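Everything below concerns the one structure shown next.
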């Protein structure tokens, strides 16, 4: 298999919580030895990329913050800049708001006379009812874009459990307002197009690795690149069999990826 860039999901693919999966350190030693580039791409906009860099470094993975990390927050900022948005209302945690505030003016409450350019929703564990209420009121009273960082319904944590993610939040808002969000993270294929250009590789040389079918695998399918679904996170083999968009490869975990790449 001639791959020059591997795009990794993190939660459920390489680790759960603070538990690194077996064989992950050896996998990245293999990639380094074979001069295969990699990117950690997460749909989770609630953490700064620096926190992911520190986490992977603490796991003993040799990586570079500028080169090896990308998230739906960066995609969202680029999209809003393309829209020439200036003033936005945001449902998100403090980290996400701080990042957006470097580029845009953040409106902090609903005012029917307020002018805004977009409503933005990201995954947050700091959710309060007032922020959902204000976002819905803006969507009901203003003809502005509704933007979501990602469409994941649930976020995996330890012990095989899950907590609500951004997809569930925007679904709630859709049911209230009738407005459907434009989802910018995985499975948007533009992410893979961007990364292929960034690393100067052909898309046939890209492999997307993840545990979630409707984001990790679907982004690869949408972009026309090979995909690997690992069964260490959300998806089971039964889920894969029932899903209409099949991954190119299936493995129990990433520890067997070096063997696959050797084929």
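Just so it is clear, none of the values below were taken in a lab; they were calculated from the coordinates. Here the structure is a predicted model, which is why all the values come from computation and not from measurement. Using ideal geometry, Cβ is built from the backbone for each residue, glycine included, and neighbour counts are taken over all protein chains shown.
Once you've got the GNM for the chain with C-alpha springs shorter than 10 Å, pick whichever of 167, 185, 60 has the biggest mean-square fluctuation.
Per the Cα network of the chain with a 10 Å cutoff, 60 tops the list.
Would you order 141, 13 from fewest to most other beta-carbon atoms within 10 Å of each residue's own beta-carbon?
Taking fewest neighbouring Cβ atoms as first place, the list is 141, 13.
Kirkwood Rh and Cα-based Rg: tell me the resulting Rg over Rh for the range 79-183, rounded to two decimals.
Checking Rg against Rh, the ratio lands at 0.97.
Based on the alpha-carbon set only, what is the convex hull volume of the range 122-175 divided per residue, in Å³?
Considering the Cα atoms of the range 122-175, their hull volume per residue is 77 Å³.
How high is the relative contact order of the chain, given as a whole-number percent (alpha carbon pairs under 8 Å, six or more residues apart)?
Relative contact order for the chain comes out at 21 percent.
Could you tell me the ratio Rg/Rh of the range 1-118? Both radii from Cα atoms, Rh via Kirkwood.
Rg/Rh for the range 1-118 comes to 1.09.
Output needed for the chain: three equivalent-ellipsoid semi-axes, defined as square roots of 5 times the C-alpha gyration tensor eigenvalues, in descending order, whole Å.
On the way: eigenvalues 219, 68, 59 Å².
Gyration-tensor ellipsoid for the chain: 33, 18, 17 Å.
Kirkwood Rh, Cα Rg: Rg to Rh for the range 203-263?
Checking Rg against Rh, the ratio lands at 0.94.
Quick one: order 126, 262 by neighbouring beta-carbon count within 10 Å, fewest to most.
So the ranking, lowest neighbour count to highest, is 262, 126.
Fewest first, what order do 227, 248 take by the number of other Cβ atoms within 10 Å?
Lowest to highest Cβ neighbour count: 248, 227.
What percent antiparallel are the DSSP beta bridges of the chain, to the nearest 5?
Counting only bridges with both partners in the chain, antiparallel ones make up about 15 percent.
Taking R0 as 30 Å, what FRET efficiency do you get between residue 245 and residue 115 from their Cβ-Cβ distance, rounded to the nearest 0.05?
Numbers: r = 40 Å, r/R0 = 1.35.
In this case the efficiency is close to 0.15.
What would the Debye formula give as log10 I(q)/I(0) at q = 0.12, 0.18 Å⁻¹ for the alpha-carbon point model of the range 132-263, no solvent?
Summing over Cα pairs of the range 132-263 leads to -0.57, -1.04.
Which whole-number percent gives the relative contact order of the range 79-183, counting Cα pairs below 8 Å spaced six or more residues apart?
Over the range 79-183, the number comes to 24 percent.
If we sort 232-238, 61-67, 18-24 on the protection proxy, mean other Cβ atoms within 10 Å, highest first, what's the order?
232-238, 18-24, 61-67
Of 102, 179, 133, which has the largest mean-square fluctuation in a 10 Å C-alpha GNM of the chain?
Between 102, 179, 133, it is 102 that shows the largest mean-square fluctuation.
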